[in-house]
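The values are calculated or read from the model by the stated rules, or taken from the named source; none is laboratory data. These numbers were taken from a predicted model, which means no experiment stands behind them. Neighbour counts run over all protein chains shown; Cβ positions are idealised from the backbone, glycine included.
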Amino acid sequence: LFYSVTDYSSTGSIKIQNTQIDTLINTYISPRRLVYFNQSSTIKQTKNAHTESKIYPNPASNHVNFILPSDFQKLEIYHLDGRKVFETQTNIKTLNLENWENGIYFVFIQTQNEILNCKLLIE
């Protein structure tokens, strides 16, 4: 895929537009890392019922609950600075957050056909 930078702001966010299809991807630039994520901030039911996912509560403090799709393959969580802080291939229901730093995290849920993503705020 080919990407071109279409907008840059002083906050460190840029929008990248795929030159083959008309989609925009938000990015966050930190030293030596480029983190990208879709514009949506929550995971919602998609076209296929089997890919329905929920993450709650959000914002979270002590724990976060997951309802993962039946074709779930992998769950990854990244800190805003790009560090991977959690990964599992097990369909978990709850994750203990008591020792996690407060802040913004990005959750990626991989299924057989797509990767769903959302932001998770830990307070």
Checklist outcome for this item: Checked against (1) in contact with a Pro (Cβ under 6 Å, 6 or more places away or on another chain); (2) free of Cβ contacts under 8 Å to residues at least 24 places away in the same chain, Ser53 satisfies every condition except (2)
Item to check | the range 61-78, residues that are part of a strand (DSSP E or B) and surrounded by 15 or more Cβ atoms within 10 Å (Cβ to Cβ) | outcome: Val64, Phe66, Phe72, Leu75, Glu76, Ile77, Tyr78
Next on the checklist: For the range 79-123: of the residues being assigned to a loop (DSSP other than H, G, I, E, B) and acidic (Asp, Glu), which is farthest from the chain's Cα centre (by Cα)?
Outcome noted: Glu98
Checklist entry - How about the range 85-123: which of its residues are touching a His at 6+ places or on another chain (Cβ under 6 Å) and surrounded by fewer than 14 Cβ atoms within 10 Å (Cβ to Cβ)? => result Val85, Thr94, Asn96
Checklist entry - If you take the residues in the range 38-60 that are more than 14 Å from the chain's Cα centre (by Cα), part of a loop (DSSP other than H, G, I, E, B) and at pLDDT below 95, which one is surrounded by the fewest Cβ atoms within 10 Å (Cβ to Cβ)? => result Lys47
